[in-house]
Amino acid sequence: MRRLITMTAGMMLTLALAVAANAAPAGKGTAPKTGKGIQNAKKVAQAKMERSKKMQDVEKRGHAKRQQAMKK
């Protein structure tokens, strides 16, 4: 019985949410645009992350080469 009540309540909430989403205006959101400075900072941070990943990869390859040379 509890499960049936829970499922019914869930369906009603889902239906209410769908109706509310369809009733919302279809215009642009009210979220403010991010400034140029923030966009540039994000790009810089992403470039630094990519560079550090590349450097780690190069270090791993160099370490593997040194280990292989020592085995010979």
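The values are calculated or read from the model by the stated rules, or taken from the named source; none is laboratory data. Computed from a prediction, not measured in an experiment: that's the story for all the values here. Every residue, glycine as well, gets a Cβ built from its backbone with ideal geometry; the counts of neighbours run over all protein chains shown. Note: areas computed on protein heavy atoms with side chains; ligands, DNA, RNA excluded. Shrake-Rupley method; radii C 1.70, N 1.55, O 1.52, S 1.80 Å.
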### Query
Between GLY35, ALA18, SER52, whose Cα lies farthest towards the positive end of the dipole of the chain when Lys and Arg beta carbons carry +1 and Asp and Glu beta carbons carry -1, centred on the Cα centre?
SER52
## Note on the structure
Helix 36-71 sits off the longest principal axis of the Cα atoms of the chain, rounded to the nearest 10 on a 0 to 90 degree scale, by 40
### With Cα atoms, 0 to 90° folded angle of helix 2-23 axis to the chain main axis
80
### Message
I'd like the carbon and sulfur percentage of the solvent accessible area for the chain, probe radius 1.4 Å, heavy atoms only, ligands and nucleic acids excluded.
### Response
64
### For the chain, calculated [θ]222 nm from helices alone, where every DSSP H run of n ≥ 4 adds -39500 (n - 2.57)
-29000 deg cm²/dmol
### Where labels lie 7 Å past Cα in the beta-carbon direction, separation of GLU59 and MET7 in nm
5.6
